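The values are calculated or read from the model by the stated rules, or taken from the named source; none is laboratory data. Given the structure is predicted, the values throughout are model-derived calculations rather than measurements. Virtual Cβ from ideal backbone geometry, glycine too; neighbours counted across all protein chains shown.
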Amino acid sequence: MNIHEYQAKDILKSYGVTIQEGIVADTPEKAVEAAKELNRETGTEWYVVKAQIHAGGRGKGKVQETGSNGVVLAKSLDEVKPKSEAILGGTLVTHQTGAEGKKVNKVLIAQDVYYPGESEPKEYYLSILLDRAKGCNVIMASTEGGMDIETVAEETPEKIVKEWIDPAVGLQGFQARKVAFALGLEGQAFKEMVKFIFSLYKAYEATDSSQFEINPVLKTSDNKILAVDAKVNLDDNALYRHKDIAEMRDLSEEDPLEVEAGQNGLNYVKLDGNVGCMVNGAGLAMATMDIIKLSGGEPANFLDVGGGANAQTVEAGFRIILKDPNVKAILINIFGGIVRCDRVANGVVEAYKSIGDIDVPIIVRLQGTNAEEGAKIIDESGLKVVSAVVLKDAAEKVKEVLA
Ligand code: GDP
Ligand code: MN
């Protein structure tokens, strides 16, 4: 699960991570109130207005309707309202949102932390994530803060340092110091960075996160270390242990079909292709997607209806696939193990009838328990459903209907 920057910063702060302070607002008027409050709390007189969407690249991104960037500086209280107005309610397009962009419902009014002082403010990159190949967490850091880490990795990989954390002993002091040292820090800033890394790692572990990306981490002109941005990715499978975090979910940021699938207990991932598929079991779903590709199609989705699929889940899955306008054919591939094929067939027929007017060809392959009864139900239903017996047949039929 992803959360917004303002929510991520709240979590980080509760674990002692020093952050760029801010207050969230959903109207220009509340943005002004937030700025006044922030001025009372921090004394800041310059503010940053930051669009809250589940995507990065906001600083360089543009609000379609107004041309404003997604992160802008307001150099007085008077500027906060018009600058918030230019972002709120607009559609922000960044390199991560795709051309359609994302609607901005909230802005974070943050303190400007790039104030002048004894030294220049300097941006760093810091992230913690799970290294699946090594089976442990890794801290990644770079002096190239504010840049896309993918670009840094491609052009100057030597500027990224990595420190792997042994899960049995946890983050060690020498490791945090090694990272801070590699970033070229010294004195007060070095000490603060070591503390920052420790608090950040504590937050990462305690929240069962799978990725933290703080880009940039800022060394202020008076040598404070602050999280200016925060991308936090949580492990869905651990959310039941974090009810307070689970409540931070913002469904408006997620794909509506994926949300609907989740509510029906279906494991659905929307893809860009034209062949919808409904399968039971993740492994069979992967194999089915391969078959679709081999037959010249592109999968429109991944959909695992689960081992215990019944007529209702089949119907729900069917409806979700049909709501995707790109779908030109549907392949249903069910292995009847726990679920019986006749039940699935009934589910398909029921769904077909209740949805009505389906003009995409449907290829059904049922194997396993009661497969023959299932095929019979499909054949006798009088519906334009093609039943296939073996997977190769199914693939051939997908090819035929796409031709
Ligand atoms: P992103 O573009 O979605 O990654 O959003 P960030 O939160 O990283 O902000 C984008 C950029 O805005 C940062 O890299 C900074 O250069 C700039 N920025 C953020 N906060 C401040 C601030 O307090 N003052 C100034 N002057 N710039 C800021
Ligand atoms: Mn950023």
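Here residue 117 does not qualify as part of a loop (DSSP other than H, G, I, E, B), surrounded by 20 or more Cβ atoms within 10 Å (Cβ to Cβ) and either within 16 Å of ligand 2 (Cβ to nearest atom) or in contact (Cβ under 8 Å) with a residue 60 or more places away in the chain (or both). Of the residues in the stretch 232-246, at least one is within 16 Å of ligand 2 (Cβ to nearest atom) and either surrounded by fewer than 16 Cβ atoms within 10 Å (Cβ to Cβ) or within 16 Å of residue 203 (Cα to Cα) (or both).
For the stretch 36-69, a residue qualifies if it is among the small types (Gly, Ala, Ser), on the phi < 0 side of the Ramachandran plot and within 16 Å of ligand 2 (Cβ to nearest atom), and the qualifying residues are 51, 55, 56, 59, 61. The set of residues in the stretch 224-259 being among the polar types (S, T, N, Q) and within 16 Å of ligand 1 (Cβ to nearest atom) consists of 233 alone. Quick check, is residue 228 of a type in the set (Val, Ile, Thr) and in contact (Cβ under 8 Å) with a residue 60 or more places away in the chain? Answer is yes for this residue. List pairs: first residue in the stretch 207-222 and modelled with pLDDT of 95 or more, second residue charged (D, E, K, R) and away from ligand 1 (no atom under 14 Å from the Cβ) anywhere in the structure, Cβ distance under 7 angstrom, at least six positions apart or on different chains. Sorted first by the residue in the stretch 207-222, then by its partner, the pairs are 208/235; 208/241; 209/235; 210/235; 221/118; 222/118.
Assessment of the stretch 143-166 against the conditions (within 16 Å of ligand 1 (Cβ to nearest atom), in a strand (DSSP E or B), buried (at least 16 other Cβ atoms within 10 Å of the Cβ) and hydrophobic (A, V, I, L, M, F, W, C)) yields no matching residue. The conditions of being modelled with pLDDT of 90 or more and out of contact with any Phe, Trp or Tyr (no Cβ under 8 Å at 6 or more places or on another chain) are not met by residue 315.
Please indicate, with yes or no, whether at least one residue in the stretch 74-93 is closer than 27 Å to residue 222 by Cα, surrounded by fewer than 22 Cβ atoms within 10 Å (Cβ to Cβ) and within 16 Å of ligand 2 (Cβ to nearest atom). The answer is no, given that none of the residues of the stretch 74-93 is closer than 27 Å to residue 222 by Cα, surrounded by fewer than 22 Cβ atoms within 10 Å (Cβ to Cβ) and within 16 Å of ligand 2 (Cβ to nearest atom). Checking every residue in the stretch 93-107 against the condition of being within 18 Å of the chain's Cα centre (by Cα), within 14 Å of ligand 1 (Cβ to nearest atom), at pLDDT below 95 and of a type in the set (Val, Ile, Thr) gives at least one match. The strands (runs of 3 or more DSSP E) falling completely within the stretch 293-403 that include 1 or more residues that are crowded, with 20+ Cβ neighbours inside 10 Å and charged (D, E, K, R) map to 301-304, 362-368.
Scan the stretch 377-396 for residues that are free of Cβ contacts under 8 Å to residues at least 60 places away in the same chain, in contact with a strand residue (DSSP E or B) (Cβ under 9 Å, 6 or more places away or on another chain) and of a type outside the set (A, V, I, L, M) and the total you get is 4.
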